[in-house]
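Before any comments, here is the structure.
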There are 2 protein chains.
Amino acid sequence: MSSLFGQASLFLLLSTFLSFFNAEAKIHHLKWEIKYEYKSPDCFRKLAITINGLTPGPMITATQGDTLVVDVTNTLLTENAAIHWHGIRQIGTPWSDGTEGVTQCPIMPGDTFTYRFVVDRAGTYMYHAHYGMQRSAGLHGLIRVLVPPGTVEPFKYDDELHLVLNDWWHKSTYEQTAGLSSPNFEWVGEPQSLLINGRGKFNCSLAGGGDSCNLANSECSPASLTVVQGRTYRLRIASVASLSAFNLEIEAHNMTIVEVDGYYVKPVVVKNLNIYSGETYSVILKADEDKSRNYWVALNVVSRKPNTPTGTAILNYYPNHPLKPPPTATPIGPPWNDTLYRFNQSKSIVSHPNFIEAPPPTSNRLIILLNTFLTSPLSPTPTLSRHHHPHPTAWALNNISFTLPTTPYLIAMKSQMQHVFSQKPAPETYDYKNYNIHVVSSNPNTVSSNSVYRLEFGSTVDVILQNANTLSANNSETHPWHLHGHDFWVLGYGMGKFDPEVDSKKYNLFDPIQRNTVPLHPYGWTALRFRADNPGVWAFHCHIEAHFFMGMGVVFEEGVEKVGELPSSIMGCGESKHLRRRA
Amino acid sequence: MSSLFGQASLFLLLSTFLSFFNAEAKIHHLKWEIKYEYKSPDCFRKLAITINGLTPGPMITATQGDTLVVDVTNTLLTENAAIHWHGIRQIGTPWSDGTEGVTQCPIMPGDTFTYRFVVDRAGTYMYHAHYGMQRSAGLHGLIRVLVPPGTVEPFKYDDELHLVLNDWWHKSTYEQTAGLSSPNFEWVGEPQSLLINGRGKFNCSLAGGGDSCNLANSECSPASLTVVQGRTYRLRIASVASLSAFNLEIEAHNMTIVEVDGYYVKPVVVKNLNIYSGETYSVILKADEDKSRNYWVALNVVSRKPNTPTGTAILNYYPNHPLKPPPTATPIGPPWNDTLYRFNQSKSIVSHPNFIEAPPPTSNRLIILLNTFLTSPLSPTPTLSRHHHPHPTAWALNNISFTLPTTPYLIAMKSQMQHVFSQKPAPETYDYKNYNIHVVSSNPNTVSSNSVYRLEFGSTVDVILQNANTLSANNSETHPWHLHGHDFWVLGYGMGKFDPEVDSKKYNLFDPIQRNTVPLHPYGWTALRFRADNPGVWAFHCHIEAHFFMGMGVVFEEGVEKVGELPSSIMGCGESKHLRRRA
């Protein structure tokens, strides 16, 4: 793209293009103020980051093709911020992705930053902080993008309900991050509570007295979803969890999975839904049970040994009182360590037959990413990096533990700042012929780096996520990987070590689902394919907040030369501090 | 100063000039890294902001005329920072004053900011954070500036000791500030502990169990100052307190006050020393007691009704064990509410007769500042301000509650940004003929503003600080006021309401002490005089962290047109985000 053809004109063109499909495309202008406030989401009073006083923040509703303009004013006292629009590909607006260190400098206290982008695809998405571990402090919410009027979806319902799922700690994120980066390494531990629509219930007798925990606080009365017998509901579900993999069950009701991350699914009926951080679902629920009572909505931790009580909300059959407790015990979900159950549910999700968009039959590049955990001291990164002392305990991909540069990649690349990040290409693979993923390995050659993968624009890329043993014997964890700026096809899941010769032949190239977040199961592999066709710089990372903080991510660049002139509002940190304002 | 005569040349000239008095002037290059770490200064484990792992930070020792170059690397995760060199006038380097919002943008995470300035006057000073309430989180330390070799001081001693005095809370500064700015207003309350050289002792039985409080932790063993019988010591003392006024007593030993804030005092012998936040002292202590035992160093809260145990350290007579407890009870200090005692001690401090620098006999301008507290909702500030919703509970000067602009004043003024702060002059006085300082007044006309006082360069300015009743009947508080960029003469203290006609005739124009911080006593007034001869923009504010946060400050500008070109390193926030880098 020539420099004559700048950001504004590209944006206009895109808006016009999308408006073609949505004759009534609107601009939604939102004004958000973020700050710290005391909240008691699980009856325990602590600081949370709120948007306009709310956590979860306001739900955004727009129609495909609409433009969102969100003025985010940072009224935190000393802390910066950034907000990522998770699942929105930011086609033509890579500077609005909200990924601090990748696509923008953080928003300083007192400043107002304007995110402006088109929601180009109907579906269920989310937004959340993408700076430090601020998402864990409560900065997140749901985005609903509706189909244009007259569009027929492959399922019917009478009304919509929504569920934002989260895990919640009583320690501040400062305490969590100080523990994670201390030489002694203090893990964040299991959450104190699970929240549904920002509401949970802590056992206040464990809170050590005082008035910091109050079960009578209305802020922690359970969420209640009112239904009318005989009607059918679309439940939009998002997990903004910091750590936990969840199993969601609605007592006595099956759910039919119909949408993931904005794509229609060949309907799958489940008794309960495994949902990983960063994933969104729509399920169809029919209110066909006894209307004289209410039912439990139950949220349980899976994949990690649970040490948190079941999170509960109420499915309220009208005209019962919304908070009338169901007379039954809360569902306990499947065994937490039934990996095969979750693996099979993941595999069951494929594209709806009427909406298949087949992937390219072959790819131009194969990147295999071995996921490992280590406690060895890391070599310092050779170039400017956020962490001057890399974490002594870290996650790594192919022996690279990721650190963010002080100057965001997008700005650095557009401004030809070669010294800002490592110019050494990130490694394409690991020694898969010899590496044993089933044993404890210290991976002593791991280094800390901010190197990136530069992708040929328009090429097709396969990524294999390969899981392995952690530093505990017989332990491998679940990692939900999220890709910015793209949806990918999920070509396959496997148990054990991926063999390029054998396993690639079993890919589902017929009706794979597309999505932006996918689980990597314990000791397993997950194969993805995407087209590198969105000019920009894009993070791809484990969506567990502490794992990304400890280096579990990579960055892809493609077609950055095609990105128009960057808005000066994303600059101001690191080497971008004194770049000239665009005329 | 012409633009040809820029920062670097001015700095060189100044260095040369000062070197004339100190033939061996040195450059001290310090590299500091600040971050959050778990610390147990009073046995209770919580996060503190450390410098190179320490709180208090490293003590700086330099000689008059030396240059300090401090590279401050911010390794906080999401939080900015700034460090003020309290008592250093920054002659020729106003951009190194470290006052966020006034003289610089804060240092962003990952960035290194270099402070470079000359310590032009021997004496005892301090440094501390000047951003949000980060000083309360532990970011502070002592600066000793020694006289050049061969210089005779008006007192003798064999050795030096030092005492950094502080108060300490178990709540984080985030929790404190969220409480202060919440509509319900939660006051920070009295400190949990008093710290001497970063060490105190909390009663762990009050900590609610768990392993967060451990009396056996060596981090909280008391500070011990070892002396040899018969020798004489100079104790350098600094209070970095967030809130408390202190009384310091060394059991069985008198102290002779010989220096305050870098000026020699006509010696005053005291049994105990009242010291307010932001003040520094040197006292002479003779080790003339029984050498078979140790003695208590006792720190008590005065002026506010104490709810914190006495802070203790040990005066250790060699060769007793440094931590051998004295056999006696700890000194309890004077009655906390004996205002007259403190008032008289303040008045007793005048210049050493051999070092009198007489003030100008008259002044060009009189500014009277009425100090009031209020809870009325404030009108929003008319110009860009940090706090979009001004604090519902605030302190004010002449009915102006101060807010910082998003663009630092120094940058805004040099760049002719008129819109960045209110151009309406801040008020010179209040209605002193009719205002009753002894009754509760709601001061309903108070507004929030970032207006400033613009002083004629070279003029002499008198400031009268006038105290008043708070919102509680029969209550008026002590406020230690600190002026940046200058030392002022303390012309007088009074009880009751200052009468310009009468009280100005009683000023001490003969031997007033000069200092940078001075108490305003309950229901009293304090009269200051200074020369507006240091080009720059300078904060003048109550040194109580929460009070400044709630608006208790003003800003003076003088000769900003004489300031050389600003270093680009201080820019990057608000409207200074895209100013061009200096060529």
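Just so you know, the Cα atoms of the protein assembly as shown work out to an Rg and Dmax of 32.0, 99 Å.
For the range A:439-525, just say rounded, prolate or oblate: build the C-alpha gyration tensor, square-root its eigenvalues into a ≥ b ≥ c, call rounded for a/c under 1.5, and beyond that prolate if a/b exceeds b/c, oblate if not. It comes out oblate by the Cα gyration axes. Ranked from shortest, the separations from the 7 Å Cα-to-Cβ label point of B:Pro154 to its equivalents in the other copies are 9.2 nm.
If R0 equals 45 Å, the separation of the Cβ atoms of A:Glu186 and B:Val228 corresponds to a calculated FRET efficiency of about 0.55.
Per DSSP H run of n ≥ 4, the term is -39500 (n - 2.57); total these for chain B, divide by its residue number, and report the mean residue ellipticity at 222 nm rounded to 500 deg cm²/dmol.
Working: 6 runs with 46 residues, N = 583.
Counting only the DSSP helices, I get -2000 deg cm²/dmol.
Quick one: of B:Lys26/B:Lys562; B:Lys156/B:Lys505; A:Lys46/A:Lys324; B:Lys347/B:Lys497, which pairs are farther than 25 Å apart, Cα to Cα? Walk me through the intermediate numbers first.
Numbers: B:Lys26/B:Lys562 27 Å; B:Lys156/B:Lys505 37 Å; A:Lys46/A:Lys324 27 Å; B:Lys347/B:Lys497 17 Å.
Correct reply: B:Lys26/B:Lys562; B:Lys156/B:Lys505; A:Lys46/A:Lys324.
Computed on the Cα trace of the range B:9-151, the radius of gyration divided by the Kirkwood hydrodynamic radius gives Rg/Rh = 1.00. Among B:Arg304, A:Arg531, the order of accessible area from largest down is A:Arg531, B:Arg304, computed with a 1.4 Å probe on protein heavy atoms.
For chain B, taking a cut-off of 4.7 Å between Cβ atoms, the unpaired cysteines are B:Cys542.
Expressed as a fraction of 2.2 N^0.38 Å, the rule-of-thumb size for a compact globular protein of N residues, what is the C-alpha radius of gyration of the range A:255-310? If you can, show how the numbers build up before the last one.
On the way: Rg = 13.7 Å, N = 56, 2.2 N^0.38 = 10.2 Å.
Its radius of gyration relative to the 2.2 N^0.38 Å reference: 1.35.
Taking the centroid of alpha carbons for each part, the range B:167-225 and the range A:509-542 are 47 Å apart. Within the set of other residues whose C-beta is less than 12 Å from the C-beta of B:Arg135, count the net charge using Lys and Arg as +1 and Asp and Glu as -1. Surrounding charge for B:Arg135 is -3.
Anisotropy class assigned to the range B:159-347 is oblate, per the alpha carbon gyration tensor with a/c at or over the 1.5 cut-off and a/b no larger than b/c. When peptides A:146-159, A:280-293, A:83-96 are sorted by average Cβ neighbour count within 10 Å, with the highest value leading, the order is A:83-96, A:280-293, A:146-159.
Taking 12 Å as the straight-line reach from the Cα of B:Lys305, the aspartates and glutamates in range (excluding those fewer than 8 positions away in the same chain) are B:Glu190, B:Asp338, B:Glu477. Accessible surface for B:Phe373 stands near 30 Å², nearest 10, in the context of the full protein assembly shown (1.4 Å probe).
Calculation over all alpha carbon pairs of chain B in 20 angstrom steps from 0 returns a P(r) of 21, 58, 21, 0 percent.
Per-residue mean of other chain beta-carbon atoms within 10 angstrom of the beta-carbon, peptide B:177-185? Show your work: numbers first, answer last.
Numbers: counts 5, 9, 3, 1, 5, 4, 1, 1, 0.
For peptide B:177-185, the averaged partner shielding equals 3.
Using the Cα gyration tensor of the range B:365-568, with a ≥ b ≥ c the square roots of its eigenvalues, what is the shape: rounded (a/c below 1.5), prolate (a/b larger than b/c) or oblate (neither)? Taking the square roots of the gyration eigenvalues as a ≥ b ≥ c, the range B:365-568 is oblate.
The values are calculated or read from the model by the stated rules, or taken from the named source; none is laboratory data. Owing to the predicted nature of the structure, the values given are computational and were not obtained by experimental measurement. In this analysis, Cβ positions are derived from the backbone assuming ideal geometry, glycine residues included, and neighbour counts consider all displayed protein chains. Heavy atoms of the whole protein, side chains included, go into the accessibility calculation; ligands, DNA and RNA do not. Shrake-Rupley method; radii C 1.70, N 1.55, O 1.52, S 1.80 Å.
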